[in-house]
Amino acid sequence: MAWGKAGLPGSPKVGPRRWAAAIAALASFALFGMASCTGEPPVAEERQSDSPAAETLVRYGFYAYFEPVSALADGQNDQHGERNASGSGQQPSHRGGHIGYEADLLSAIEAMDGFGLRFVRSPITEWPGIWLTAASDSFDMIGGGITALDSRTRDADGATVIAFTEPHIEFRQSLLVRSADAERIQRHRDLRADDRVGVLAGTTGEARLLQLLDFTDDGRLAPGTRVHTPADVVLVDDDGRHSITASGASADLADRTRLEPADPNLPDVVYLGQLAGEQELLDALSRGDVDAIARGTISNAAAAFDSDGEFAVTALDQAVEHGGFAIDAANAELRSAINTAVAWLTDNGRIGITDWLADNTVFATRARQWQPPG
């Protein structure tokens, strides 16, 4: 099945919310699975928090190119809350031009009476390893639609430096294709040898594509795969030394630009987005430089609607991923506070992105209902 604008109710484009009606409609096809992350009933004890009593500034870095989850508003660089970038009805301080689902979730945390957290938000334009910067001297917490994986908690030396909060969003992978190809490319396995698939390096979209097409086995690249980099073409042998996962890749593959499969019946994989994020992928699909984009269904659905019928979403993956915020593993107090706030604002996982798309004030409403413990 393919989804594009032709299959959706009409909706005007309105600023940064132009994609909301489209994805809310797509949610009726159960694209995102459950709205909840846990499905557990709320418990009163979760409102007890060890969050800081006095106002604490949290240095928050967010990926700038993941609409509608997390993005930098066009032309925005507002570090002082002088304009309401999200249209959510709030005027939080230190918003930093941050818009989207996670932006409104954090603004709602700021609005929780007595909770005492404020987020100083800075956009980050490079994706690979973004979660590890939460353990740096520059940031306390990182977001931007990050799937929480145990492998992403460790640095290059294998030390655990990151802890993820409890999940606040679900993801599923899919393909974005030109509408003219939607009938031909219904599944990942429908991709042909003469097709080219665009991906962003270091994402679960890349890792899942390579897994589904047998480019990799437990992350290890199939022998005979040719990996193009600016410096060389690496021919993968059978020693298992070369790997690509959602957490990273072998050092000599870090700047990969193209993968040629060992199986001649499989498509090439093309790497874009290092300069301008996922917009490079969309431009390449429109020009015909790639025939599909492998990434999450939420952003694919937004792009399909915004394309005026040019693109469609196909090949919905059945695997479900859970996204959270990355925090320094040593900062248990901040992680506990964020978990408490997220549990309240999402009603212990009952409120998710489909609810926010239907009513982007849903988290602000929950924030007003919060009462400080004691």
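No value in this document is a laboratory result; all are computed from the given coordinates. Because the structure is a prediction, the values reported are computed rather than measured. Cβ atoms come from the backbone with ideal geometry, glycine included; neighbour counts cover every protein chain shown.
FRET efficiency for Arg226 and Ala156, Cβ-Cβ distance as r, R0 = 35 Å, nearest 0.05?
With R0 = 35 Å, the Cβ-Cβ based efficiency is 0.90.
Quickly rank 231-240, 260-269, 161-170 as a protection proxy: mean count of other C-beta atoms within 10 Å, highest first.
The peptides rank, most packed first, as 161-170, 260-269, 231-240.
Note down the nm distance, to one decimal, between modelled labels 7 Å out along Cα→Cβ at Gln186 and at Ser336.
That separation, rounded to one decimal, is 5.3 nm.
May I ask you to work out the translational diffusion coefficient for segment 90-203 at 10 °C, viscosity 1.306 mPa s, via Stokes-Einstein with Rh from the Kirkwood sum over Cα pairs, reported in whole µm²/s?
92 µm²/s
In nm, what is the difference between 0.36 nm times the number of residues separating Gln369 and Arg350 and their Cα-Cα distance?
Gain on stretching Gln369 to Arg350: 5.3 nm.
Would you mind calculating the gained length between Asp255 and Ser136 on full extension (0.36 nm times residue separation, minus the Cα-Cα distance), in nm to one decimal?
Additional length available on full extension: 40.6 nm.
Any idea which of Trp131, Val197, Leu221 is furthest toward the positive side of the dipole for segment 109-247, if Lys and Arg beta-carbons carry +1 and Asp and Glu beta-carbons -1?
Among Trp131, Val197, Leu221, the one farthest towards the positive end of the dipole of segment 109-247 is Val197.
Please rank Arg118, Arg184, fewest neighbouring Cβ atoms within 10 Å first, as an exposure proxy.
Working: Arg118 18, Arg184 14.
Lowest to highest Cβ neighbour count: Arg184, Arg118.
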